[in-house]
There are 2 protein chains.
Amino acid sequence: MKAIAVKPGIPNTLHLTDFPAPRVDEIANGRGVLVRVLRVGVDGTDKEINAAEYGQAPPGCDFLVIGHEGFGQVEAVGPNVTEVRPGDYVVATVRRPGSSIYDLIGTNDMTTDDTYFERGINLRHGYMSQYYVDDAEFIVKIPQGLREVGVLLEPTTVVEKGIAQAYEIQRRLRVWRPRRAAVMGAGTIGLLATLVLRLKGLQVTTFGKTPKPYLNSELIEAIGATYQSTDELSIIAGAKKHGPFDIIFEATGFSPAVFDSMQALGKNGVLVLSSVTGGDRRIEVPADKINLDFVLGNKVMVGTVNARLWFFFTQYSRLFESRACALRTGDVGSIPHSASALHWVQHGRWRSPAHCRHSA
Amino acid sequence: MKAIAVKPGIPNTLHLTDFPAPRVDEIANGRGVLVRVLRVGVDGTDKEINAAEYGQAPPGCDFLVIGHEGFGQVEAVGPNVTEVRPGDYVVATVRRPGSSIYDLIGTNDMTTDDTYFERGINLRHGYMSQYYVDDAEFIVKIPQGLREVGVLLEPTTVVEKGIAQAYEIQRRLRVWRPRRAAVMGAGTIGLLATLVLRLKGLQVTTFGKTPKPYLNSELIEAIGATYQSTDELSIIAGAKKHGPFDIIFEATGFSPAVFDSMQALGKNGVLVLSSVTGGDRRIEVPADKINLDFVLGNKVMVGTVNARLWFFFTQYSRLFESRACALRTGDVGSIPHSASALHWVQHGRWRSPAHCRHSA
């Protein structure tokens, strides 16, 4: 079968490859699920992997199939699979459990292990192939009605987990009624964070680099948020105009924005960091001021990675909403239409939204 | 009466002054409590106020009496005071309520107001005077048996509030069993944080600048913690040796230590910031790495200021413990012995522990 892979550790090795399709009996205990891939989303992490800043091949392998935002249809199941059957639409989670207590209680997104096993990212092949197989344990059934947006489930869970962390943290305040939110970055995660925060009733300002209007700024404004280009107004100046922000979701992939966000946060505010920044950038920061404002304002910053299975099973409603908002971002065609995925990852932008719809 | 004051906004104006003692009937509704000051602790904030980096005089006044860690004895009470009576030992809280929802529900340490009213710090005279008067609402009775350590109650509440915030935040993990803690700074707050974390059963490494042995390193080791001089090992190298740290309490007053602490934090760790850094220091930081580690490790940083009344009423047990540990730090004699306080604030170190005991 065809697949899109990189050679981890060497920049710009993205290539189309071919290897035997997996079989359902490769999974133990008759629990295998063979999935035909219909769509795969791509994001900044894929670009970082292709830039060799992140990601490792599976043991014994010199390539890594990328793609961690998958959507597909069950082709076959093992004899002990009761959760799904052939024809069902499904999404598979990304991270596989390690051995820490957090992995054992079903929260592998909080693992304290040093090694992460993540499909399409680290040590496990991803979903940018015609087929994949996995244990039914990690397969989430998607209602038929969500066929058009199912590929957004994985990035939606990342956003939902981050925001859930923020709300759990803020229980410490006894009373917390956030009003103004900022989202840093207008890529897939930024768009979905904008959507989720709007659905919670917050005023949202989403900061992106590109001057408006363009597709993403239009999507943002269509759901009642404000788009602010940082070419016109810096994050800190933007916070003076649109803030102070009770919650900020950082998703730029650009670490200087993280330190600007610390300064854009209001009193009792919470800053959620979700960007993967695998480089070695160093910057100068106003250290006294950042610290003093955190202390006097009782502010919180929380990092968040991935999402556990629970979020996959509970976030359908967001997908219905996202469909209603026509928010379909960064998803690419299935493998037979892999050219657009290659183009996106290599050039940082998807080529043609109209051609990226379901095509299996 | 005598008092120690500064002229806010002008560096190094610490001076002994004299003005009329307050009267119990200055407080409305017969709720006044007149307190004779027995001891006042001093800390880094006092130094910052004397350096004109922080603090404002009360309205209509050109000086600010400093001192926010007070301990005294009730001299007189208004007719409607039932909580304390003359002869009782008492401590007064520092911050006075503003108007935000957090002030209204008794958590003025979480205020979202822009203006803080804090005795001895901002807009209200402090306790480094022979007498002060306040509303019974803000006066906490101290058991006779805690006479020797009562002056430590205020800084203990700062530590307890910060650590309580950390534990509340970590409820998000479902399971959190911290083992290794670090305390940055070995001043009053650092010593008390070391004590509180030791009492929770953690292994504690306390980082200070001064090479050991000296008084504070000996106190730290006497309670079973490890003292690490940053002259010998940087915070980041120290974390490799003694960490990774599940919780870090930052109390150096030196903002570069904050950014080093971010890098010394373990996975799922929580960094509590308590230093007031009123300067304008800028430093270079490894931005990509700090952000990436926060994201992949689900780490949290929380700022904490002050403590609400609740912590004053609930922290006696810590004081009994601190007495048992002979941990008496930074407290200075009452006003008649004010020379040592002047010396401490001006030179950053108290002159003679033996002479700083109770002397009223």
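Only the coordinates and a few stated rules stand behind these numbers; no lab work does. Predicted model, so just to flag it, every value in this text is computed and none were measured. Backbone-built Cβ (ideal geometry, glycine too); neighbour counts: all protein chains shown.
Quick one: if you stick a label point 7 Å off each Cα along the C-beta vector at A:T210 and B:L104, how many nm between them? The modelled label-to-label distance comes out at 4.4 nm. For the protein assembly as shown, just run the numbers: alpha carbon Rg, then divide by 2.2 N^0.38 Å, N being how many residues it has. For the protein assembly as shown, the normalised Cα radius of gyration is 1.08. Scattering from segment B:1-135 was approximated by placing one identical point on each alpha carbon and applying the Debye formula without solvent; log10 I(q)/I(0) at 0.10, 0.17 1/Å stands at -0.33, -0.94. Taking a Cβ cut-off of under 10 Å around A:N268, the surrounding Lys, Arg, Asp and Glu residues balance to a net charge of +2, with basic ones at +1 and acidic ones at -1. Placing +1 on each Lys and Arg Cβ and -1 on each Asp and Glu Cβ, with no other charges, gives segment A:159-277 a dipole about its Cα centre of roughly 580 debye. Counting Cβ atoms of other protein chains within 10 Å of each residue's Cβ and taking the mean over peptide A:91-101 gives 1.
Within segment A:117-158, the proportion of Cα pairs with more than 12 Å between them is 72 percent. Once the C-beta distance of A:M1 and B:R174 is scaled by a Förster radius of 45 Å, the resulting FRET efficiency is 0.70 to the nearest 0.05. Long hydrophobic helices in chain A: the complete DSSP H runs spanning 15 Å or more by Cα along their own axis with mean Kyte-Doolittle hydropathy of at least -1.0 are A:153-170, A:188-199. Estimated purely from DSSP H runs of n ≥ 4, each contributing -39500 (n - 2.57), the mean residue ellipticity at 222 nm for chain A is -8000 deg cm²/dmol once divided by its residues.
Relative to the compact-globule estimate of 2.2 N^0.38 Å, the Cα radius of gyration of segment B:166-314 comes out at 1.01. Of the GluC sites (Glu not before Pro) found in segment B:73-133, those that fall in a DSSP loop while having at most 16 other beta-carbon atoms within 10 Å are B:E83. Over all pairs of distinct alpha carbons, what does the Kirkwood formula give as the hydrodynamic radius of segment B:217-288, in Å? With all distinct Cα pairs of segment B:217-288 included, I get 13.3 Å. Taken over the Cα atoms of segment A:60-196, the convex hull encloses 174 Å³ per residue. For chain A, excluding the exposed loop sites themselves (trypsin sites (Lys or Arg not before Pro), DSSP loop, at most 16 other Cβ atoms within 10 Å), the longest remaining stretch covers A:24-146.
Label separation (B:W310 vs B:T82): 2.3 nm, computed from points 7 Å beyond Cα along the C-beta direction.
Among the GluC sites (Glu not before Pro) in segment A:174-251, those located in a DSSP loop and surrounded by at most 16 other Cβ atoms within 10 Å of their own Cβ are A:E232.
Inter-copy label distances for A:A222: 7.0 nm (label point placed 7 Å from Cα along Cα→Cβ; shortest first). The magnitude of the dipole of the protein assembly as shown, with charges of +1 and -1 set on the Cβ of Lys/Arg and Asp/Glu and taken from the Cα centre, is near 640 debye. For peptide A:154-167, the mean count of partner chain Cβ atoms within 10 Å of a residue's Cβ comes to 1. Under 12 Å of direct C-alpha separation, and excluding same-chain neighbours fewer than eight residues apart, A:K141 reaches these aspartates and glutamates: A:E83, A:D88. Rg and Dmax over the alpha-carbon atoms of chain A stand at 20.1, 62 Å. Sorted from closest to farthest, the other copies place their B:T210 label points 5.9 nm away, with each point set 7 Å from Cα along Cα→Cβ.
Positive end of the dipole of chain A (Cβ unit charges, origin at the Cα centre): among A:I66, A:T82, A:P22, the Cα lying farthest that way belongs to A:T82. When you restrict to C-alpha pairs under 8 Å that are six or more residues apart and normalise by the size of segment A:121-200, the relative contact order lands at 31 percent. Per residue of peptide A:279-286, the mean number of Cβ atoms on other chains within 10 Å of the residue Cβ is 6. Short to long, the 10 Å bins of the Cα pair-distance histogram for segment B:36-86 hold 20, 35, 31, 14, 0 percent of all pairs.
Ranked from shortest, the separations from the 7 Å Cα-to-Cβ label point of A:G106 to its equivalents in the other copies are 3.6 nm. Contact order, relative form, for segment A:178-301: 24 percent (alpha carbon pairs under 8 Å, 6 or more residues apart, mean separation divided by residue count). Model label sites at A:A237 and B:D113, defined 7 Å from Cα along the beta-carbon direction, differ in position by 3.4 nm. Specify whether the C-alpha gyration tensor of segment B:195-242 places it in the rounded, prolate or oblate class, a ≥ b ≥ c being the square roots of the eigenvalues: rounded for a/c under 1.5, otherwise prolate if a/b is larger than b/c and oblate if not. Because a/c hits 1.5 or more and a/b fails to exceed b/c, segment B:195-242 counts as oblate.
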